[in-house]
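Visitor: The structure follows.
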Amino acid sequence: MFLLLPFDSLIVNLLGISLTVLFTLLLVFIIVPAIFGVSFGIRKLYMKTLLKIFAWATLRMERGAKERNHQLYKPYTNGIIAKDPTSLEEEIKEIRRSGSSKALDKTPEFELSDIFYFCRKGMETIMDDEVTKRFSAEELESWNLLSRTNYNFQYISLRLTILWGLGVLIRYCFLLPLRIALAFTGIGLLVVGTTMVGYLPNGRFKEFLSKHVHLMCYRICVRALTAIITYHNRKNRPRNGGICVANHTSPIDVIILASDGYYAMVGQVHGGLMGVIQRAMVKACPHVWFERSEVKDRHLVAKRLTEHVKDKSKLPILIFPEGTCINNTSVMMFKKGSFEIGATVYPVAIKYDPQFGDAFWNSSKYGMVTYLLRMMTSWAIVCSVWYLPPMTREKDEDAVQFANRVKSAIARQGGLVDLLWDVD
């Protein structure tokens, strides 16, 4: 039998007290408010404090750059490639001037070396077209103490560097462990809660419990991201028998919307942890999951969705018609499938504030685990959600026209670019 020394016993007692206090604070300030859907205003106070710090840091950087005669913001950038406001002729003359000793008035109108210039301009146009830019993270002109969001930012002062280092410690040593604990709590409760509710007989009581279990768990997951969400026009929230369509920036769009409403999810059956969650959720709520072989069958998918929306007692379906994540600046082409089945459509616009953290998921650059780590080490996720009035398909418009009309309404409300993309 091992005997603890007095010093070791003191450490164990202090550790136990610290853990007890931590879990009590989590229960009182996070989990219980999530159950009842209330907020103490702590996150909004936190956001206001961050805004003041960001404003001070930006002013300090601008003043330091001015003192050193350093260009802080590089003008004429459009997100991917920096462009100066010079004409084609001027650029060619500059290239010839730097690469030839001949006088410019003696050079021919065209030289073979000009081919390389036109090839470069063509590659820039391909890389930086209106569509491609929507799949790269939007660029900030102010520093949010997360990263050098503008490559021209340089060392300014010791105080600013210390503030950045302090921010790293807070985000990785305090916020990250807390958020991971909350995420596991929310996911664990979702799996256990929906599994238990699934054993109850169908009826109002089961539906009531399922709704509140889903809302509670999604609200805990929202708090795991320190998400500060402002919902507008809640009177227009989706109703049973309809389809909720929204622009898509991030996988957390689902959590953002599901923490304020009760939806039937649509998606492909997965394995692993996601599969466990899907199987537990479908026991308590009629979600629409497709096998991998069924996803490519458009007629089968449309049939399943039509059967769901015809039953007015079933939950509204949550769909992201873009089919991929766009960088919070635009709304891309909506796929017409969800607009062909004749149900009432409830448009929703989601707009994130990139000052506190970039919510855009660039799936070609980051895996899901890396993306979630970036989210959990950001300062917060701040966004606004607008519920738009329900829309129905008019007699003289086809599914594509209806989809474009809904897309335009979402873009207009969210302050996003309504990007026309002709895939033909």
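The values are calculated or read from the model by the stated rules, or taken from the named source; none is laboratory data. As the structure is a computational prediction, the values presented were derived from the model and not from experiment. Heads up, the Cβs are rebuilt from the backbone with ideal geometry, glycines too, and the neighbour counts pull from every protein chain shown. For the accessible areas, the whole protein counts, side chains as well, though only heavy atoms, and no ligand, DNA or RNA atoms are used. Shrake-Rupley method; radii C 1.70, N 1.55, O 1.52, S 1.80 Å.
Visitor: Could you tell me which residue of the stretch 5-52 is least open to solvent (accessible area, probe 1.4 Å), considering only residues that are touching a Lys or Arg at 6+ places or on another chain (Cβ under 9 Å) and of a type in the set (A, V, I, L, M)?
Guide: A34
Visitor: Can I ask one more? For R223, indicate whether it is outside any strand (DSSP E or B) and surrounded by fewer than 19 Cβ atoms within 10 Å (Cβ to Cβ).
Guide: no
Visitor: Does any residue of the stretch 299-316 turn out to be closer than 27 Å to T226 by Cα, over 15 Å from the mean Cα position of the chain (by Cα) and either modelled with pLDDT of 85 or more or hydrophobic (A, V, I, L, M, F, W, C) (or both)?
Guide: yes
Visitor: Return the pair list, or none, for Cβ contacts closer than 7 Å from residues in the stretch 401-424 that are within 11 Å of F334 (Cα to Cα) and of a type in the set (G, A, S) to residues that are part of a strand (DSSP E or B) and modelled with pLDDT under 90, at least 6 apart or on different chains.
Guide: The qualifying pairs are S408/D418.
Visitor: Next question. So, in the stretch 228-256, how many residues would count as being in a loop (DSSP other than H, G, I, E, B), open to solvent by 10 Å² or more (accessible area, probe 1.4 Å) and closer than 18 Å to L182 by Cα?
Guide: 1
Visitor: Which one of the conditions (1) at pLDDT below 85; (2) closer than 30 Å to L50 by Cβ; (3) among the polar types (S, T, N, Q); (4) surrounded by fewer than 19 Cβ atoms within 10 Å (Cβ to Cβ) does T370 fail to meet, given that it meets all the rest?
Guide: (1)
Visitor: Inspect the stretch 193-205 for any residue being modelled with pLDDT of 90 or more, more than 26 Å from F54 (Cβ to Cβ) and basic (K, R) and give the result as yes or no.
Guide: No: zero hits.
Visitor: Of everything in the stretch 195-215, what is in a loop (DSSP other than H, G, I, E, B) and either open to solvent by less than 90 Å² (accessible area, probe 1.4 Å) or farther than 18 Å from R279 by Cα (or both)? Give them in sequence order.
Guide: Matches in the stretch 195-215: L200, G203.
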